[in-house]
Amino acid sequence: MDLSIIIPLYNEAESLPELKAWIDRSLQGFTYELIFVDDGSTDGSWEVVQQLAGQAGAAGSLVHGIRFRRNYGKSAALYEGFAAAKGDIVITMDADLQDSPEEIPEMVRMIREEGYDLVSGWKQHRQDNALTKNLPSKLYNWTARKVTGIKLHDMNCGLKAYRQEVVKNIEVYGEMHRYIPYLAKNAGFGKIGEKPVHHQKRKYGVSKFGLDRFVHGFLDLMSLWFLSRFGGKPMHFFGTSGILMFLVGFVMTVWIIVAKLVHQAQGLKFRAVTDQPLFYLALLAVVLGVMLFLAGFLGEMVARSAPERNRYQVKERL
Ligand code: UDP
Ligand code: MG
């Protein structure tokens, strides 16, 4: 099978029939499976998926459906879709008709002929609210580029194409669907490209993500950055900052004591140690340093029992 098209959907019943017809028109000449993942819809989306699966499809196409018992989120839907995908190239796209399936053949060509592991869509002319989506999204993508080192304009575009190996070797969880290119890069799939894609206004239904996406997105980015740098060796992070903190506190303490002794010996006036602001700073720094160290030891114990502590991406063996 050439392609698996994974479509996460949450209350998108009106869009689905048009979406399927549009995909079938755009993918003539390919063999493909559509995997609709119903993320706990309550608007009859599943009944529509059942009808679509029952219809005689385009030549060489199959329709599968996965239905969650409740709403888990887009990442969970993609995770199940990735696990089920059998095509050589795996496509993800939104169900709301905002992404155009006409872009898929070119993305597939980029993977097959130009050797990309992952091709991400770039909604160059984004058809969403300028103030609540487009502007924050620019800022968010700038931050993501700086942190991840991946030069994508639109990291979180729903329309993406992957080599099958990529989706079978990454694990999307929580709300990490925003950072799949980063997950792929960390798993060793470094050839990541992008293609400007057409973007349509939402025709039916409403957007499922509010402004909190940017706060959550930023926190998730920090977590991924931390995990990719120090996830396997937390002591290197906590130990380094712990030593620095402790040293700062130690130097201050020595200074306070020496200064007092010198003043005493010379018969000059001197303050009680606890009357000086520096004393409290020194105390704080030493205590923080020890706590950072403890966090490092705890982190090492967690890392030691993590199931993926020895999971590597072996590319070839002879
Ligand atoms: N979606 C989902 N589960 C959720 C939220 C969204 O499967 O909990 C799907 C949604 O149905 C759509 C895609 O994820 O197919 C993108 O969502 P949406 O169009 O609301 O995002 P936006 O385009 O506004 O960024
Ligand atoms: Mg949308």
Which one of A272, V254, A303 has its Cα pushed farthest toward the positive end of the charge dipole of region 245-318, where Lys and Arg give +1 and Asp and Glu give -1 at the Cβ?
-> A303
What ³J(HN,Hα) values, in whole Hz, does the Karplus curve 6.51 cos²θ - 1.76 cosθ + 1.60 give for region 28-38 when θ = phi - 60°, with x put for Gly and Pro?
-> 4, x, 9, 9, 7, 10, 9, 10, 7, 10, 7
Quick one: helix 212-230 against the long Cα principal axis of the chain, what's the angle to the nearest 10°, folded into 0 to 90?
-> 70 degrees
Residue-by-residue Karplus 3J(HN,Hα) for region 130-139, coefficients 6.51, -1.76, 1.60, Hz, glycine and proline x = 5, 7, 8, 10, 5, 5, x, 5, 4, 4
Report, in degrees rounded to the nearest 10, the 0 to 90 angle that the Cα long axis of helix 45-54 makes with the longest principal axis of the chain.
-> 40 degrees
Given 87-93, 310-316, the highest-first ranking by average Cβ count within 10 Å works out to 87-93, 310-316
Based on Cβ point charges of +1 for Lys and Arg and -1 for Asp and Glu, what charge dipole magnitude is obtained for region 110-183 about its Cα centre, in debye rounded to the nearest 20?
-> 260 debye
Is the shape of region 113-244 rounded, prolate or oblate, going by the alpha carbon gyration tensor and its root eigenvalues a ≥ b ≥ c, with a/c under 1.5 for rounded and a/b larger than b/c for prolate?
-> oblate
For region 1-135: relative contact order, % (alpha-carbon pairs under 8 angstrom, 6 or more apart) | 33 percent
Show the residues, 5+ positions off or on another chain, whose built amide H is closer than 5 Å to the amide H of L62.
-> Y32, E33, L34
Looking only at lysines whose Cα falls under 16 Å of K208's and that sit 8 or more positions away or on another chain, we get K74, K133
Across region 236-248, in residue order, what do the Karplus-derived ³J(HN,Hα) couplings come to in whole Hz, using 6.51 cos²θ - 1.76 cosθ + 1.60 with θ = phi - 60° and x for Gly and Pro?
-> 5, 7, 5, x, 4, 5, x, 4, 4, 4, 4, 4, 4
When the chain is treated as a GNM, springs tying every alpha-carbon pair under 10 Å, which of W46, W122, W255 comes out with the largest mean-square fluctuation?
-> W255
With a 10 Å radius around each residue's Cβ, average the other Cβ atoms per peptide and rank 201-208, 37-44, highest first.
-> 37-44, 201-208
Please work out the Cα convex hull volume for region 1-114 and give it in Å³ per residue.
-> 92 Å³
Scaled radius of gyration (Cα, divided by 2.2 N^0.38 Å) that region 197-287 gives = 2.12
With respect to the cross-link table entries K146/K315; K123/K195; K123/K151, which display a Cα-Cα separation exceeding 19 Å?
-> K146/K315
Check I6: other-chain or 5+ apart residues with amide H under 5 Å from its amide H, H built from backbone geometry?
-> I35, I91, T92, M93
Using distinct alpha-carbon pairs, which all enter the 1/r mean, Kirkwood radius of region 217-259 in Å | 12.4 Å
Report, by chain and number, residues whose modeled amide H sits under 5 Å from the one on E194, excluding near sequence neighbours (fewer than 5 apart, same chain).
-> S120
To the nearest 20 debye, what is the magnitude of the charge dipole of the chain about its Cα centre, counting +1 on the Cβ of each Lys and Arg and -1 on the Cβ of each Asp and Glu?
-> 1400 debye
Semi-axes of the chain's equivalent ellipsoid from the Cα gyration tensor, sqrt of 5 times each eigenvalue, largest first, rounded to whole Å?
-> 53, 21, 18
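Just so you know, all these numbers are worked out from the coordinates, no wet-lab data involved. Not measured: the values here are computed from a predicted model. In this analysis, Cβ positions are derived from the backbone assuming ideal geometry, glycine residues included, and neighbour counts consider all displayed protein chains.
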